[in-house]
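Readers should treat all values here as calculations from the given coordinates under stated rules, not as data from a laboratory. Every value quoted in this text rests on a predicted model; they were computed, and no experiment measured them. Every residue, glycine as well, gets a Cβ built from its backbone with ideal geometry; the counts of neighbours run over all protein chains shown.
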Amino acid sequence: MITLTVDLGERSYPIYIGDGLLGDKELLLKHIPGSNVLVVSNDTVAPLYLEATLTMLNGKHVETCILPDGEQYKNLETLNRIYDVLLANKMDRNTTIIALGGGVIGDMAGFAAASYQRGVHLVQIPTTLLSQVDSSVGGKTAVNHPLGKNMIGAFYQPRAVIADTSTLNTLPDRELSAGIAEIIKYGLIRDLPFFGWLRDNMDKLLQRDAAALAHAIEISCRNKAEVVAADEKESGQRALLNLGHTFGHAIEAGMGYGVWLHGEAVAAGMCIAANMSAQIGWLEAASVDNIISLIEQAGLPTQAPAELDVERFVELMSVDKKVLDGVLRLVLLKAIGEAVITDAYTHEQLVAAIRSSYPA
Ligand code: NAD
Ligand code: GLY
């Protein structure tokens with residue numbers, strides 16, 4: 001087992017990464033202070049991993065809340081079902097909510113934990129590659145609004161993240177690739193050697209080589225933990241973790257939540273960001289080619305969806321948490337391994353970058 005720490009003073013917490021951690025009762029129980037536990041999962045993950053989770057919780061008062069599966073359910077209406085179970089069972093302020101699932105469950109259960117009785121304990125048990133490398137770490141919790149992705153939420157850190165890599169064995173290929181998008185992101189924004197490692201090992205990741213996956217998860221979590229420790233509430237460098245996300249969120253909202261996977265939308269978004277960085281003279285053309293070919297190799301989209309016209313695309317981008325005083329800041333690349341957050345671009349350059357990103 002690999003143990004990393006997200007260093008946030010007295011709110012610091014461990015990230016455990018390993019094969020078979022869902023059987024480690026002691027590991028889980030040491031992060032649950034009270035007797036009440038609510039396990040939040042969905043109707044895909046629960047049949048696979050709820051029983052193992054409940055076995056570890058033997059001796060606690062445990063309730064479950066099984067939500068419908070899908071990004072389209074990541075909203076206030078579904079969130080309310082978590083509060084319903086908490087209140088119907090008179091769960092108190094010492095309750096621990098366990099998020100068992102991918103990023104959708106993690107974000108929703110996390111927001112429920114942040115808001116129920118002004119905050120109860122939270123443990124993340126991420127079961128997708130994307131959630132193991134990104135969403136379970138760092139304390140961003142949220143639900144979507146029809147007008148914007150992740151617009152209602154809170155920063156709220158878990159007490160622990162327990163990433164059992166064996167859960168990835170049941171993950172569909174398309175979801176595996178979606179997780180790889182966020183892994184590539186770390187290479188692009190701040191870790192050139194990792195980008196090189198990914199180019200050499202992409203086939204192993206796609207074949208689910210256990211050692212390669214564990215390495216990619218560890219390096220991703222190390223990068224994320226460092227950024228979060230330096231800038232928990234995103235007043236500076238944490239925004240770099242959103243490379244490709246402003247474009248990607250517009251794709252997700254514009255296509256209808258759940259049509260493109262989050263990781264797919266981010267992948268296309270990173271390609272648009274790379275192209276735009278080159279078009280404004282920051283990034284070398286050869287680097288853009290390397291980025292696009294790695295994303296392609298991962299089985300991810302590299303272009304904008306033809307169904308979403310450029311005007312709507314730009315309009316959707318204006319509802320973004322990186323808009324400050326009406327100005328949209330974008331994460332762009334100076335080089336592979338070096339990202340910046342900037343408003344030093346013109347509207348025409350943005351439109352041109354999106355326009356050139358459609359399939360010919
Ligand atoms: P997801 O939660 O929808 O999971 C993907 C699919 O895999 C779902 O159908 C799920 O039921 C299924 N699944 C989960 N684990 C499985 C397993 N082990 N075996 C088989 N199927 C399994 O999607 P995701 O990609 O994990 O997360 C995407 C979400 O995360 C988005 O809503 C995005 O906004 C959010 N996100 C949040 C952060 C953050 O910092 N909080 C960061 C990145 C993404
Ligand atoms: N996924 C972006 C962040 O956690 O900040």
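From the Cα gyration tensor of region 150-190, with a ≥ b ≥ c the square roots of its eigenvalues, which class applies: rounded if a/c is under 1.5, or else prolate if a/b is larger than b/c, or else oblate?
oblate
Within 14 Å, Cβ to Cβ, of residue 169, how many net charges do the neighbouring residues add up to if Lys/Arg are +1 and Asp/Glu are -1?
Counting the neighbours of residue 169, the net charge comes to -4.
Over region 184-246, what is the relative contact order in percent, taking alpha-carbon pairs closer than 8 angstrom and at least six residues apart? Can you show the working numbers first?
On the way: 30 pairs, mean separation 21.0, N = 63.
After rounding, I find 33 percent.
I need the shape label for region 1-138. Rule: rounded when a/c is under 1.5, else prolate if a/b > b/c, else oblate, with a, b, c from the alpha carbon gyration tensor.
rounded
For region 39-103 and region 285-360, what is the separation of their Cα centres, given in Å?
36
Report, to the nearest 10°, how far helix 210-230 tilts away from the longest principal axis of the Cα atoms in the chain, using its own Cα long axis and a range of 0 to 90°.
90
Residue-wise, which Karplus ³J(HN,Hα) couplings in Hz belong to region 11-18, taking 6.51 cos²θ - 1.76 cosθ + 1.60, θ = phi - 60°, and x for glycine or proline?
Computed from phi, the couplings for region 11-18 are 9, 4, 8, x, 10, 9, 10, x Hz.
Please name whichever of 86, 40, 287 sits farthest to the positive end of the charge dipole of the chain, dipole taken about the Cα centre and charges placed at Cβ: Lys and Arg +1, Asp and Glu -1.
Value: 86.
Explain nothing, just compute: Karplus ³J(HN,Hα) = 6.51 cos²θ - 1.76 cosθ + 1.60, θ = phi - 60°, for every residue of region 52-66 in order, whole Hz, x for Gly and Pro.
Once θ is set to phi - 60°, the couplings for region 52-66 become 4, 5, 5, 4, 5, 9, 3, x, 9, 8, 10, 10, 10, 9, 9 Hz.
Write down the percent of antiparallel bridges among all DSSP beta bridges whose residues are both part of the chain, to the nearest 5.
Roughly 45 percent of the DSSP beta bridges within the chain come out antiparallel.
If you take every residue apart from residue 23 with its C-beta less than 13 Å away from the C-beta of residue 23, what net charge results, scoring Lys and Arg +1 and Asp and Glu -1?
-4
What full-extension length gain, to one decimal in nm, is calculated for residue 296 and residue 84 as 0.36 nm per residue of separation minus the Cα-Cα distance?
72.0 nm
Residue-wise, which Karplus ³J(HN,Hα) couplings in Hz belong to region 32-45, taking 6.51 cos²θ - 1.76 cosθ + 1.60, θ = phi - 60°, and x for glycine or proline?
Those phi angles translate into 10, x, x, 9, 8, 9, 10, 9, 9, 8, 10, 7, 9, 7 Hz.
May I ask for the longest run of the chain untouched by GluC sites (Glu not before Pro) that are loop-located per DSSP and have at most 15 neighbouring C-beta atoms (other than their own) within 10 Å?
Longest stretch, sites excluded: 1-283.
Sort out for me the Cα centre separation of region 1-17 from region 226-276, rounded to whole Å.
24
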